[in-house]
1. Any chance you could list P(r) for the chain, counting all Cα-Cα pairs in 20 angstrom bins from zero, rounded to whole %?
2. So, by mean Cβ neighbours within 10 angstrom, what's the order for 378-385, 735-742 with the highest one leading?
3. By count of other Cβ within 10 Å, fewest leading, how are ILE474, ILE464, ILE510, ILE261 ordered?
4. Considering every pair of different Cα atoms, what Kirkwood radius, in Å, is found for region 438-493?
5. What ranking do LEU36, LEU783 get, fewest neighbouring Cβ atoms within 10 angstrom at the top?
6. Over all directions, what mean area does the Cα convex hull of region 27-178 project, stated in square nanometres?
7. Taking Cα atoms, how many degrees apart are the long axis of helix 629-638 and the longest axis of the chain, rounded to 10 and kept between 0 and 90?
8. By what distance, in whole Å, do the Cα atoms of region 379-468 stretch along each of the three principal axes, largest value first?
Amino acid sequence: MVVAVLVVAFAIFTNVWTSRLWFDSFDFGSVFNTMLLTRTGLFLVFGLVMAGLVSANAALAYRLRPRFRPQGPTSPLLERYREIVETRFIWVMVAIGVVVGLFAGAAASGQALTFLAWSEKTGFGVTDPQYGLDVSFFVFTYPWLRFVLSFAFTALTISVIAAAVMHYVMGAVRFSGPRRGGTTSAQAHLSVLVGLTLLVRGASYWMDQYGLETTKTSPLFTGISYTADNATANAKLILAIAAGIVALLFLANAVLHRWVIPTAGLVLLILSAIVLGYVYPGTVQYFSVRPSEELRERAYIQRNIDATRAAYGVADSEVTDYSATQTATAGQLRTDAEALPGIRLIDPSAVSPTYEQLQQVRGYYQFPKILDVDRYTIDGQETDAVVAVREMNLDGVEGQNWNNLKTVYTHGFGLVSAYGNRAQATGEPQWITEGIPPTGAIAEHEPRVYFGELQGANPNEYSIVGAPAGAAPIELDTPGGPNYTYTGKGGVAIGSLWHKLLYAAKFADINILLSDRVNSASKIIYDRTPRERVQQAAPWLKVDGDAYPAVVEGRIVWVVDGYTTSNSYPNSERINLAQTTADSQTATPGTQVVAQPGDQINYMRNSVKAVVDAYDGTVKLYAWDDTDPVLKTWQKVFGSVIQPKSAIPADLLAHLRYPQDQFKVQRQILSRYHQTDPGTWYRNSSLWDIPNDPVNASASSKEQPFYLSVKWPGDPNATFSLTTAYVANGRSNLAAYMAVNADAASPDYGKIRILQMSDTTQIDGPGQSFNAMTTNETVSAALRNFTAQGSAQASFGNLLTLPLGGGLLYAMPVYAQRPGATGSYPVLRFVVVRFGQSVGFGTSLQAALDQVFQGNAGADTGEDEGTGGTPPAGEADNAAALSALDDASTAYSDAQKALTAGNLGEYQTKINQMQEDLVRAQRALGR
């Protein structure tokens with residue numbers, strides 16, 4: 001037992017001490033110290049209170065045992081328990097105290113963040129309409145008081161049980177025999193304990209009235225309702241008073257010893273709790289509210305609407321009626337020309353295999369399955385870019401031994417980026433930055449990636465880096481290049497025998513202790529994913545599901561958005577965070593885009609922008625929403641680690657964007673809470689839904705939002721935005737289009753605008769448009785002809801929606817890939833667009849738009865501009881291929897007509913002509 005205790009103690013010590021070293025390695029030791037001291041303090045205080053209260057009452061019951069026990073038959077088991085208590089009293093008391101103390105301390109230590117938030121609470125400056133209290137009472141004070149009352153009730157209840165058992169074992173309480181009942185001292189002791197327990201329960205009843213504002217008291221909404229206000233709240237006050245009266249009866253019984261009256265009072269209290277807590281509110285709801293629900297709940301619905309819109313930051317959303325035209329005319333996009341280059345043709349969720357085949361270089365590198373979208377200024381012009389970091393893939397290392405996996409293959413290398421709105425003549429991405437070492441238009445940077453989304457996905461993965469001066473480098477740096485020795489500040493020094501021993505125990509790996517590769521200058525790098533580092537550095541934050549890389553001041557950094565949340569904002573609608581942020585990307589297996597935890601929240605702010613350096617793992621937290629009271633509270637607690645918004649470098653600011661998970665939450669809220677009139681809200685006459693992803697239909701999940709440069713109707717310029725579409729409730733037609741200004745450098749950053757479609761005009765939604773585009777005769781025939789020889793397989797990219805030309809434009813890239821072939825990858829071959837009922841199809845966006853708008857869209861897409869443009873020869877080839885495909889489509893249609901008419905000779909002639917046209921198209925594309 002001694003050995004087992006020592007092993008467990010050493011394991012706990014190892015975990016705590018290595019955690020301290022890890023936090024110190026990137027200057028967040030103060031966070032570790034604050035959390036450790038708080039958890040330890042709560043564990044000790046509440047554990048000792050619980051242990052002391054229960055043990056003291058058990059000991060008091062022992063001291064109050066009768067000096068002479070009445071004679072009579074007793075249970076042998078009871079005699080055995082009595083003997084144990086009398087001969088080992090101290091050990092019994094210690095055992096009781098340790099058991100209950102450990103459980104209580106563990107429960108209390110889990111409330112560290114609740115305690116810290118309460119201790120440093122900041123006012124919201126907004127009062128609750130029901131009780132006139134500042135919102136901070138519900139967000140910070142109420143959760144802590146509820147825990148304290150719950151703890152006190154549990155401690156007293158266990159004390160009653162412990163004392164009663166001890167009195168029974170020692171003979172002070174008897175349930176049979178001629179002297180049934182209890183001694184005077186035992187009755188007094190138990191009466192006082194029960195009375196105190198009921199006093200605490202009465203206080204809990206009193207607090208319950210405030211909890212009505214943060215719970216779902218009506219099937220309609222979260223927050224106080226008519227029934228809760230007029231029945232449940234009154235019932236809670238009555239029960240609080242009744243519990244206090246019954247508690248006084250029990251306290252008086254300590255002197256009177258008349259159990260009939262307090263026991264009857266307790267029974268009546270229980271019956272009252274059932275009647276007042278369930279029957280009375282149910283009666284009011286059924287007979288008073290239900291027949292006139294809209295009228296009764298109108299004022300409370302308005303509270304819920306106002307609180308919900310404020311809590312989720314959507315109160316200032318602009319909803320504009322939009323009469324979308326569906327008629328395409330020549331030159332219609334002339335006024336929206338600036339937005340056309342922002343139509344992203346390179347789909348981040350489709351081109352990862354292309355990046356791997358063209359930029360992976362070696363099998364021990366990898367790219368994520370879903371890439372990221374960012375912005376860079378190239379030749380003085382801001383452009384959307386599809387970016388990814390080349391990270392290390394240890395599964396691709398041929399020599400799977402400890403030295404290679406832990407000391408040689410330690411890091412990835414370089415950021416790869418491509419223009420989002422253009423491709424090469426071959427359909428491959430037009431690179432902005434490529435190769436090893438990286439070359440291209442983005443400024444030189446430190447290319448080595450020791451910390452990344454894929455670098456430390458395995459929790460037991462670690463690397464040992466560093467070497468003394470003059471030692472030969474052993475880390476693989478670039479394929480065929482010289483080796484490298486890490487020189488960054490990241491990682492924990494393990495040069496000493498003590499640290500080697502600690503980490504050998506932590507990772508259960510004796511090689512750390514024995515290997516000559518671990519030297520006096522060695523460091524161990526672990527917990528390397530950006531989300532993980534930010535989450536541990538700021539445990540009070542929830543972090544966005546997708547970190548993205550950017551080159552800032554010559555270094556690759558990971559940008560992570562942090563959220564402050566609460567589940568107790570009064571009258572605000574609660575949502576499940578995991579369900580709300582899930583979409584087709586989070587549903588795709590193996591991606592680095594992860595869903596949030598399944599917490600219930602009703603308040604959310606993107607209060608922090610976090611940055612993790614890809615080379616040394618340094619974490620920087622910047623206060624982004626510095627008006628957020630929750631953030632101000634945590635700044636009081638962890639102020640030294642949160643830098644002000646003014647400290648954000650200009651180069652970093654250019655890459656900050658509106659976060660996806662917050663936008664997903666807001667679009668879910670606005671699907672119903674764009675209705676600000678309580679009557680409209682109640683009738684759900686304008687309810688919206690988030691459409692399923694039409695391209696990834698197998699996922700049966702919501703369409704993800706898209707980052708696009710959007711020119712809003714009436715605005716002079718296009719703006720980098722995060723966008724989504726809404727469909728009518730239970731239908732597939734477009735109901736609204738929503739966009740938020742996602743450019744962090746813009747004064748209008750975070751401004752949410754919605755175009756609400758007319759109720760009298762049918763506008764096809766994403767699913768309907770996808771169906772119309774893919775079943776269009778020209779599109780389907782051209783794709784069928786293009787893949788007829790079995791040498792290519794077509795796949796569709798993201799279906800983008802943009803407000804252009806006074807209507808809605810849908811644009812979708814089409815990729816081709818050789819099926820089942822080693823080394824195959826998707827390349828951009830065609831673009832399909834739809835405006836109204838008109839569908840265009842071409843080998844470029846420009847060609848597709850011109851088809852829709854009667855041969856002249858009125859604007860240039862920019863595909864031919866700059867170094868990333870399509871070469872003239874490629875343009876000619878694409879035009880020839882498109883012409884040949886059109887001829888093939890016509891020939892195929894004629895062949896089908898001849899077959900229907902029974903003219904087999906004509907049918908064969910047209911089939912031969914179609915095959916010749918297909919060959920011409922393949923030659924034009926160089927295939």
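Derivation of every value follows stated rules applied to the coordinates shown; laboratory data play no part. Predicted, not measured: the structure shown is a model, and the values here were computed from it. Cβ placement follows ideal geometry from the backbone for every residue including glycine, while neighbour counts extend to all protein chains displayed.
1. In whole percents, the pair-distance histogram is 12, 34, 31, 17, 5, 1.
2. Ranked by mean Cβ neighbours within 10 Å, highest first: 735-742, 378-385.
3. Neighbour counts put them in this order, fewest first: ILE510, ILE261, ILE474, ILE464.
4. 13.6 Å
5. Fewest to most other Cβ atoms nearby, the residues stand as LEU36, LEU783.
6. Quarter of the Cα hull surface area: 13.7 nm².
7. Once rounded, the angle reads 70 degrees.
8. Computed over the Cα atoms, the extents are 46, 30, 21 Å.
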